[in-house]
Every structure is written in structure tokens, then in C-alpha cells.
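Below is one structure; the comments refer to it alone.
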Amino acid sequence: MKDMIRIVLFAVVVLLATAWLESGVWLTFIMMTLYATLLAQAWNMLGGFGGQFSFGHALFFGTGAYVQAIAQLQGGFNPWLALCAAVLVSAGVGAAVGALTFRYGLKGSYFALVTLAFAEVFRIVAVSVGFTGGGVGLMLPLSESAANMQFASRKGYITLVLGFVLAALAVTAWLRRSRFGAQLQAVRDNEDAARALGVDPWRTKLGAITLSGAFMGAAGAFYLQVFQYIDPAIAFGPQVSVEALVGAIVGGMGTLWGPVLGALVLHLLAELTRNLFGALPGINLVIYGAVLVLIVMFLPRGMAGLLDRWKRS
Amino acid sequence: MLGFDILFPSLLNGLTTGAVYALIALGLTLIYGVLHIINFAHGAALMVALYAVYLLKTHWGIDPYLALPLVVPGMFVLGYALQRGVINRASHGKDENILLVTLGLSIVLENLALIVFKSDTRTIETAYTLATVQIGPAFIAVPKLVAFGGALVSAALLMAIVSRTDLGRAIRAVAKEKQGARLMGIDVEHVYAMSFGIGLACLGAAACFLLPAYYVNPQVGGGFVLVAFTIVVLGGMGSFAGALLGGLLIGVVESIGGLMLGESLGQIGIFGLFILVLLFRPQGLFGARA
């Protein structure tokens, strides 16, 4: 209940800020931070609550983005319908990858590697086959209307991505309280002990990767609607995987608000460096990588862990 | 059907590439065998070594092969320092943390390279770049032949160090039983860092042999690292003979696969193999189940 009240408060604050702000720079900042929150929270469901570290989460993101594009361009779907398809297919890819990898008991480094390899395979396939537009990618024709999920103002997109983030927060809050969430955390902490207590680790992890895939797919679909363009490197390349993982770890894995905090801190840092160094290609990722190393070295429980310590003392 | 005249050069080509793959994989497997961690920054470290060779050649005119005595110790020191200064401190006794730290290091290194060198692909010119020798019906580029020989000699040297020297004995002791080794008076942290240093030194050697016939760009490591992981998994994590054979095998598979399916689908073959081996035989083709 307390979580739900906080989630509603969060929504109200974001909506008020969005309504009040007129500067395009700040609206873009809010939009991209919410988008990064969505990535981080999706990763957190599997990585934070399930303890399965994926290095290739772009796999689900890219699937979502491509389904969103192809359903509209080749299937003639309305974008809102395409969104449902994108989420379902990404969840399906998550379930398929999870079924395979967890069935064979892959965990730890092996799981990280195999997700990375799957993302690479999807990237190469997207470059090689025809219906993805190959290496050139796919472009969505511009046609601004709410029915078409293309908004003239950033405010429309912020409302859309806020909806996704709220859903992700609600699911995460549910993971913290529910029976399924407790089983998932038990499997993360000690798989053998969880099994001895009658928890099916395979099914539990499968549920987590499916949920995680669904939200990554929504993020991919959102990306496509905002930028109206997708290519294999953006869709399945390392950038998205890294952003999702670093956001969750910097904020605090296995917490409700950690990914929100992580995404906010990273985007503030990114803005700051952009102002300091200009738009150097790759500078953002240098910062992300360095922050990741520093956080793991000095704050292994992330910023949320720091807040906890501070609250207690 | 493909005749011998086409297959044989492709096979030779695959073996020469495979030898360099094997050298890269040997470094990875040594680090895995001793520290029980997957060094995610392996590809980025190879990229650093390649740029070092490139800069030595373009700025000081030092031939890549003569750069060996500079680049190999340089990479060793880098590895030793990274393990002692960053990775060991960040581990907090958990393997996941090491995975994350090496991932973070690779992101930092690759994107720093992107900022400094831009995303251009660079090559070097040497007197022997275009020289070839004839073996049977095949013409093989001299740099590739040197790379083949050099990689095999380096691999032999590495194995000799691990099996014959006191350091090698300490490395094997730590790999087998960390606590026991510590009780016998072995400085485990030092052995960890030495192993990491030697693992990166292998990359230094690989870079010197690779660059005359290859290129460097900030993303170059990514391709190699997945291939190296495939080899290490295929050969059995921590197995030297497995890495050597796995490297040669992958080189040949890639070369002949590329010939039959085209370049990008040949790559899918490697990743497909990687996923299949991880799923069905994670202990590798030659390894024992952990």
C-alpha cells in the first residue's frame, strides 16, 4: 500500500513538472530519464530480483522496436495495436531464451555470455535479412496524431513513457510483496534451498525473464515511436544493454526506487559531461562504465544502499 | 562442389587465423582457470594492445615484430595493475562483481578509444604486408604465416611457464585450491595479478602478430572476445590444450563457413556453436564437468 501511494506521488510530481516546464531541453531530459528508468527497471526484474545478470538485454528491446516498426510498415497495424504485438513478441522471446538457458541450468557468467551471444545473433540476422531493412534500418513515416502514437510535443511522449514506467514500478512493487516475488528472491539467494522448499527455480526464473522481456519490448517500441527510426546496431547493439544494466546497478539492484534513482543520476551526469566536453561520441558510455566500476568498488548495493545506511545512522 | 584447390587455401587461412585466436583464448582461459572469473575486458585489452602496436609503428617506425619486447611487458604491467588496483578491490568476494567490473572497464576503454582515435579503421604498411609464399596450390600472406608460427611459439612458451616454473606451480596450486595454497605461504593476491598480467601479455603478443595482416578500430575487440569465449567454452574452461585446439578449429570453421555461406552468416555459425555448446556441453568438448 505504501509503495502504491509513493508510485502515485511519483506520477503526480512528474506530471506537474511536465505541465509546468516549457523548455524543450528539460522536457527531453525528463523523457529520456523516464525511458532509461524503464530500461533499468526491466533489467532489475530479472537481474535484481532474480539474480540473473543479462549482458544482452538489447535482445528484447530490439525485438520490440522491430515488431513495432514491421507491424506498422508491413502489417498496416495501428501503432497502439503494434505496441501490444511488440510487448507480446518480446515477452515471447524472453520466455524462449529463458526456457532454453534455464532448462540447461546456465547461470552467472554463462548466462551473461549467452544473452550477449543471442543479442549478437539477432543483430547479425537483422543486418542480413530483407524484412528488417538490412543494415540501413527502418524508417517510420511522420504523421503526428495521438491515434498514431506520434505526438507534436514531448509532453505526449512523456505521458506515454510515464505510463510504462508506472506499470513497471507496480510490477516491481508486486515482486516485493507477492508470493511469486518471494520465490524469485529465494531462488536468487539460494537456489538449492529454494528448491528444497518446493519452489520450481526454472518456472520462477522463466516468469521473471518473460516480464523483463515484455518491459524491454515496450521500451523498444517507445524508442521507435520517438525517433521513428531503428537499425540493427541501435536495436541489438551493446548501448541499450549497458544502459539497462548500469542504471539498475548504480541505483540499487532488487529495490523498487533504485533504478529510478540510477537513471536520474546517470542522465544528470550525462548532461553535465555534455555541457563540459560538448558532444563527443562515446563520452556518455565512458562515464557509464566508470560509474559502474566505481559503484561496484565502493557501493556494491548501489545508491539505494547508501540511502539505507544514511537513514539508519 | 568445392575442389581441393579452393578448400586447401581456405583451410590454411583458417589455421593461421585460428592460431591467433588460440593465443587470445589462452590468455582468457588462464585467467579463468586461476581466478575463476570471465574477463569481460579481454577484447578491450586486445584493442589497447593493437593501438599500442599501431602507434609504435606510425610514430616511431618500430616494426610490429620488433615491438614484441615493448608491448608484451607493457600489457603484463597493465594487467597486473588492473587486477591488483581495480578488479581485486571491487570483487568483495563475489564473482558477479568481477564480471561487472570487467564489463565496466571494457566500456571505458572502448569508448575512450572512440574519443581519441574516432571510429576509423586503421592499418599499417610494412615491407612484407603484401608478400606471399606458395604452399602447394595456396598462396599464403607472409604476415599470416609469421602469426601462425609466433602464436604457436607463444602458446608453447606459456605452457612451459605454467608447467615448469615455480610461478607456474604457484599458479596451478592457486587454481586448484586457493586456501591450501595460501597456507603453504603462496601470496594468492600476487599470483592472481601475475595470472591476469600473463593473460594480458598473451594479448600483447597476439596484437604484434595480428596487426600486419589485420586492422584496428575501437570495436575490434568485440568480435575477437566472443570468438575467444567460444573457444574457451568449447575447449573447456581453464584447459590449455582445449584452448589451443579449439582456436585452430574455430579458425577453420570460420574460414570454410565464410567460404560457403558468406562472411556475416559465417559469424552466425560461430555464435550458434557458442550457444549450443553452452547449452549442451558447458564443460567443453575436452573438459571435465565442474
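Only the coordinates and a few stated rules stand behind these numbers; no lab work does. Source: prediction; values computed, not measured. In this analysis, Cβ positions are derived from the backbone assuming ideal geometry, glycine residues included, and neighbour counts consider all displayed protein chains.
Scaled to the compact-protein estimate 2.2 N^0.38 Å, what is the alpha-carbon radius of gyration of region B:42-127, rounded to two decimal places? Cα Rg divided by the expected 2.2 N^0.38 Å: 1.26. Highest GNM mean-square fluctuation, chain A, Cα pairs closer than 10 Å: which of A:W20, A:W174, A:W80? Among A:W20, A:W174, A:W80, the largest GNM mean-square fluctuation belongs to A:W20.
The calculated P(r) of region B:54-198, using every Cα pair and 5 Å bins from 0, goes 2, 8, 11, 15, 16, 15, 13, 10, 7, 4, 1, 0 in percent.
Of A:K2/A:K311; A:K107/B:K178; A:K107/A:K205; B:K94/B:K176; A:K107/B:K94, which ones are farther than 20 Å apart at the Cα? The pairs that break the limit, which is 20 Å between Cα atoms, are A:K107/B:K178. Could you tell me which of B:A52, B:N88, A:F151 has its Cα farthest along the dipole of the protein assembly as shown towards the positive end, charges placed at Cβ (Lys, Arg +1; Asp, Glu -1), taken about the Cα centre? The listed residue farthest towards the positive side: B:N88. The C-alpha atoms of chain B occupy a region whose extents along the principal axes are 59, 46, 35 Å, arranged from largest to smallest.
Shielding of peptide B:85-93 by partners, expressed as the average count of other chain Cβ atoms within 10 Å per residue Cβ, is 3. Using every pair of separate Cα atoms, the Kirkwood estimate puts the hydrodynamic radius of the protein assembly as shown at 25.2 angstrom. Relative intensity of region A:66-211 on a log10 scale, I(q)/I(0) at q = 0.08, 0.16 Å⁻¹, equals -0.33, -1.05, per a Debye sum over C-alpha point scatterers of equal strength in the absence of solvent.
In the elastic network of chain B, a GNM with C-alpha springs shorter than 10 Å, the most mobile of B:A44, B:A181, B:A25 is B:A181.
The fewest-to-most ranking of B:C202, B:C208, A:C84 by surrounding Cβ atoms within 10 Å reads A:C84, B:C208, B:C202. The longest part of chain A holding none of the exposed loop GluC sites (Glu not before Pro), meaning those outside H, G, I, E and B in DSSP with at most 13 other Cβ atoms within 10 Å, is A:145-313. Geometric descriptor of region B:1-98, per residue, is 145 Å³ (volume of the convex hull of the Cα atoms). Normalised Debye scattering of chain A at q = 0.07, 0.08, 0.15 Å⁻¹ gives log10 I(q)/I(0) of -0.26, -0.34, -1.26, counting only Cα atoms as equal scatterers and leaving out solvent. Diffusion coefficient of region A:230-313 by Stokes-Einstein, Kirkwood radius over Cα pairs, 4 °C, 1.567 mPa s: 96 µm²/s. The protection proxy used here, the mean number of other Cβ atoms lying within 10 Å of each residue, ranks peptides B:56-66, B:6-16, A:206-216, A:40-50 as follows, highest first: A:40-50, A:206-216, B:6-16, B:56-66.
A Gaussian network model of chain A, with springs between Cα atoms under 10 Å, assigns the largest mean-square fluctuation among A:G64, A:G76, A:G94 to A:G76. Dividing the summed -39500 (n - 2.57) terms of all DSSP H runs of n ≥ 4 by the residue count of the protein assembly as shown sets its mean residue ellipticity at 222 nm at -25000 deg cm²/dmol.
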